[in-house]
1. Which one of these does ARG158 not meet: (1) among the charged types (D, E, K, R); (2) open to solvent by 30 Å² or more (accessible area, probe 1.4 Å); (3) touching a strand residue (DSSP E or B) at 6+ places or on another chain (Cβ under 8 Å)?
2. Can you tell me which residue in segment 216-239 is farthest from GLY168 (Cα to Cα), limited to those that are surrounded by fewer than 13 Cβ atoms within 10 Å (Cβ to Cβ) and in contact with a Leu (Cβ under 8 Å, 6 or more places away or on another chain)?
3. Determine which single condition GLY90 fails, assuming it passes every other condition in (1) modelled with pLDDT of 95 or more; (2) assigned by the TED database to the domain that holds GLN147; (3) loosely packed, with under 13 Cβ neighbours inside 10 Å.
4. Give me a count of the residues in segment 187-205 that are under 14 Å from GLU157 (Cα atoms) and either touching a Leu at 6+ places or on another chain (Cβ under 9 Å) or not assigned by the TED database to the domain that holds ASN233 (or both).
5. Just need a number here: residues in segment 206-215 that are touching a Leu at 6+ places or on another chain (Cβ under 8 Å) and open to solvent by 30 Å² or more (accessible area, probe 1.4 Å).
6. Report yes if PHE62 is crowded, with 16+ Cβ neighbours inside 10 Å, in contact with a helix residue (DSSP H, G or I) (Cβ under 8 Å, 6 or more places away or on another chain) and either at pLDDT 85 or above or on the phi < 0 side of the Ramachandran plot (or both), otherwise no.
7. For segment 68-88, indicate whether the set of residues that are in contact (Cβ under 8 Å) with a residue 60 or more places away in the chain, touching a Ser or Thr at 6+ places or on another chain (Cβ under 9 Å) and in a loop (DSSP other than H, G, I, E, B) is non-empty.
8. Confirm whether VAL75 is surrounded by 13 or more Cβ atoms within 10 Å (Cβ to Cβ), at pLDDT below 95 and outside the structural domain of TYR41 (by the TED database).
Amino acid sequence: MDRNSRHNLIKRLQSDLPRGAPFDLTTLAALGVSPKLAAAYAKNGWLVRLAQGVYAFPNDNFNVYGALQFLQQHVPGLHVGGKSALALHGVRHNVGIRDTLVLWGNVRHTLPAWFTERFPARYVHANLFDWTDNTLPAKTLGTPPGQPEGLCVSVAERAVLEMLYDAGTRQSLEEARNLFDSLRSPRKELLGQLLACCTSVKTVRLFLTWARETEVVNADDLLARYSLRTGSNKRWMSQLADGTLLSLNPHG
């Protein structure tokens, strides 16, 4: 390819590719850029190589949402979850400017350095739900109002259970309780369905315990209507990372 053709092609990239997000070799190939040519563009300063097969435009300070939408294409089930999802739904407690972003996904994955260097984040992979209804996973992920179209975020009812799963380990128990106290009018039917699918005894018991204390939903009604995995009839006890002893009754 001669110099003129290369120049015309990079001009086409600059006009056709949206700013604000990275792009991969598949995207570049669709526009006629081979891996070898992409490497040449990066060497000459037309592109910036973020990682193997991942590029961006120079001086394009892409935002977290553009980066997340890129990752969603490569990591099955990737979504904003737990505390971070609750914040996007307006459930917040002392959210810091550089608060760690909580991401969940369906597979084991290490977030790339180009992402975590720009956006403090952690990734959670856990089989928290045993989906009996194949439509439920999609129903419990969406884009909150005011967020970029296509951004995948847990609905509040799913997010609160993801947060409780982390409570006492990577999520402060005190902060989790404060966020739980801020829940307003959760959808009881959806909560019941999610709790019935939840595989974590600690998560289910902690939800029932705090539900009784806050009366955010009727815990006895949930227990009567859904088969919840509360474990044995013995008290569940565990020493948390900060030394706190967490003690939970079977039914909250």
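1. So the condition that ARG158 fails would be (2).
2. Per the stated criteria, the residue is ARG235.
3. All conditions pass for GLY90, except number (1).
4. 12
5. Counting residues in segment 206-215 that are touching a Leu at 6+ places or on another chain (Cβ under 8 Å) and open to solvent by 30 Å² or more (accessible area, probe 1.4 Å) gives 1.
6. Details: crowded, with 16+ Cβ neighbours inside 10 Å: yes; in contact with a helix residue (DSSP H, G or I) (Cβ under 8 Å, 6 or more places away or on another chain): no; either at pLDDT 85 or above or on the phi < 0 side of the Ramachandran plot (or both): yes.
No, not satisfied.
7. yes
8. Numbers: surrounded by 13 or more Cβ atoms within 10 Å (Cβ to Cβ): yes; at pLDDT below 95: no; outside the structural domain of TYR41 (by the TED database): yes.
So VAL75 does not fit the description; no.
The values are calculated or read from the model by the stated rules, or taken from the named source; none is laboratory data. All of these numbers come straight from a predicted model, not from anything done at the bench. Cβ: placed from backbone, ideal geometry, glycine included. Neighbour counts: every protein chain shown. Side chains included, ligands, DNA and RNA excluded: accessible areas come from the protein's heavy atoms. Shrake-Rupley method; radii C 1.70, N 1.55, O 1.52, S 1.80 Å.
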